[in-house]
1. Any idea how many residues of the stretch 3-27 are surrounded by 11 or more Cβ atoms within 10 Å (Cβ to Cβ) and of a type in the set (Lys, Arg)?
2. Taking the condition of being surrounded by 11 or more Cβ atoms within 10 Å (Cβ to Cβ) and closer than 23 Å to residue 6 by Cβ, how many residues in the stretch 31-69 meet it?
3. Of all residues in the stretch 37-55, which are of a type outside the set (A, V, I, L, M, F, W, C) and outside any loop (DSSP other than H, G, I, E, B)?
4. Show the residue pairs meeting these rules: Cβ distance below 6 Å; 6+ apart or different chains; first residue within the stretch 29-51 and without any contact (Cβ under 8 Å) to a residue 12 or more places away in the chain; second residue assigned to a helix (DSSP H, G or I).
Amino acid sequence: PEARRTLITMVGKVAKELFIPFTVGGGVASEADVRRLLRAGADKVSIQTAAVSTPQLVPRAAAAFGSQCVV
């Protein structure tokens, strides 16, 4: 969706200007979402609603990307 592309673009811009670790959340529903946000420059990704509706997402994302970047 367009809103997701806008978020990815914004994360990339923030990552270029911000020199501290930052967490991105909201609408993260898949490993692909986590991957896109991390590639865009987020240091951590917050999985909220999907942690309840799809509980296996959290351990899968932690295994794929490292537990240090899944909140």
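The values are calculated or read from the model by the stated rules, or taken from the named source; none is laboratory data. Because the structure is predicted, anything quoted here is derived from the model rather than measured. Positions of Cβ are generated from backbone atoms using ideal geometry, with glycine treated the same way; all protein chains shown enter the neighbour counts.
1. Number of matching residues: 2.
2. Total satisfying the criteria: 23.
3. If the condition is that a residue be of a type outside the set (A, V, I, L, M, F, W, C) and outside any loop (DSSP other than H, G, I, E, B), then 39, 44, 46, 49, 53 are the ones that fit.
4. Going by the 6 Å Cβ cut-off, the qualifying pairs are 51/58.
A quick yes/no check of all residues on (1) hydrophobic (A, V, I, L, M, F, W, C); (2) assigned to a helix (DSSP H, G or I); (3) at pLDDT 95 or above:
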| site | (1), (2), (3) |
| --- | --- |
| 3 | yes, yes, no |
| 6 | no, yes, no |
| 10 | yes, yes, no |
| 35 | no, yes, yes |
| 60 | no, yes, yes |
